Amino acid sequence: MRAKTDVLIVGGGIIGLMTARELLGRGRKVIVVDKGPAGLEASHAAGGILSAIPPWDAPPAIVRLARLSLNIYPSLAEELLDETGIDSELWSCGLLYLATGADQAWPSDFLPVGAKVMDSAELEEMEPAVSIPKGRHLLLPAIAQINNRWLLEALVASIGMRGGLVLDNTEVSGLKRNKRRVCGVATSAGPLEAEQVLIAAGAWTDRLLDTLGVQIGVYPLLGQMISFQADPGFLNRIIVAGEQYLVPRQDGTILVGSTVENVGFDKKTTASAAKMLSEFAAKRLPALAGQRAVEHWCGLRPGSTSDVPFIGELRPFQGLYLASGHNHLGIALATGTARLMAEMMCGSELSLPADDFALSRAA
């Protein structure tokens, strides 16, 4: 197979799919190629929280990108529902940070609109199923979530409806170039040519860039999660306690996450992680004690040596762009990343400063 297009996107996760749809809306012809079924790696394994955790520890560039993303999500979810009939379940459910000690102090310089410090008695009335320790806890009512699996399905459908092409199970073995200009890729199904190539390959980014003799410091981080089934309304807010969290879905499913494991590309679930996550769920939601998890899954996040993802053109090459290194924030930053990436590739005015995400940091 030999095909030519305006833009070739390597990677069918949330970043690649979201950018493909954005570019199609700007009149570009787009092909997305993925080594497996599109949307079934880290993006499928995520929890769908549309915020950094915790947001006050995030670099300013992340805060700005997350704010841009969150502003785009409501119209996107509505458009996808109208186009595809798939509801991605965007839900401004709010998030509750539980204090890890009775004397925990929350950052005084981080008080977003509606943020409120509350004691355990107040919160027990709001979330009766949650075992809330003594102390002063932080409620952020504006934080939202989205059902990332439905979102990915809707994006694939929307791309097809807009004239884009998603090539599943097509492995990219290298980048094709003419001197400094990258003009396509070699794949298991034959060569693909394009005016512009975007690498959005997540944890596999450095493996692919290695064919150009480039490394930017993106590596796999294994995250494991489990889920339980409860009645709708059993839990109504995201709960964060220490490094773990609970995410309620509208159908009553409770997601429990997550581990962060630097084990290379060894993608597999473990009994020890399931035990740890189950114990956390039972501690915070006693009604789940003794229940068997409905599902146990994992994904390889694109960890990065930088706190900020790489978004932009990869110099000194021409026609080669990169959007990677989002770590656990791929879903939260996807719409903003896609908007910024499309603006760069189309030569439009940028929504955010390009220097914040410049690839020169990886030179």
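The values are calculated or read from the model by the stated rules, or taken from the named source; none is laboratory data. What you see is a predicted model; the values in this text were computed from it and never measured. FYI the Cβ positions are ideal-geometry reconstructions off the backbone, even for glycines, and counts take in every protein chain you see.
Annotations for the structure displayed:
- Counting the residues of the stretch 128-178 that are assigned to a loop (DSSP other than H, G, I, E, B), surrounded by fewer than 20 Cβ atoms within 10 Å (Cβ to Cβ) and either free of Cβ contacts under 8 Å to residues at least 12 places away in the same chain or of a type outside the set (A, V, I, L, M, F, W, C) (or both) gives 11.
- Flag for Glu22 being crowded, with 16+ Cβ neighbours inside 10 Å and in contact with a Phe, Trp or Tyr (Cβ under 9 Å, 6 or more places away or on another chain): no
- Selected residue (criterion: surrounded by the most Cβ atoms within 10 Å (Cβ to Cβ)) from residues of the stretch 52-75 that are among the hydroxyl-bearing types (Ser, Thr, Tyr) and within 14 Å of the chain's Cα centre (by Cα): Ser69
- For the stretch 120-132, the condition of being hydroxyl-bearing (Ser, Thr, Tyr), at pLDDT below 90 and closer than 16 Å to Gly242 by Cβ holds for none of the residues.
Conditions tested, residue by residue: (1) over 17 Å from Gly223 (Cα atoms); (2) part of a helix (DSSP H, G or I); (3) touching a Gly at 6+ places or on another chain (Cβ under 9 Å).
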| position | (1), (2), (3) |
| --- | --- |
| Ser272 | no, yes, no |
| His328 | no, yes, yes |
| Ile331 | no, yes, yes |
| Thr335 | yes, yes, no |
| Met341 | yes, yes, yes |
| Asp356 | yes, yes, no |
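- Verdict on Asp82 being among the charged types (D, E, K, R), exposed (fewer than 13 other Cβ atoms within 10 Å of the Cβ) and assigned to a helix (DSSP H, G or I): yes
- The stretch 25-51: number of residues that are in a helix (DSSP H, G or I), crowded, with 19+ Cβ neighbours inside 10 Å and not polar (S, T, N, Q): 2
- Members of the stretch 277-286 that are crowded, with 16+ Cβ neighbours inside 10 Å and either under 23 Å from the mean Cα position of the chain (by Cα) or in a helix (DSSP H, G or I) (or both): Leu277, Ser278, Phe280, Ala281, Ala282, Arg284
- Number of the condition not met by Gln104 [criteria: (1) closer than 30 Å to Ala358 by Cα; (2) at pLDDT below 95]: (1)
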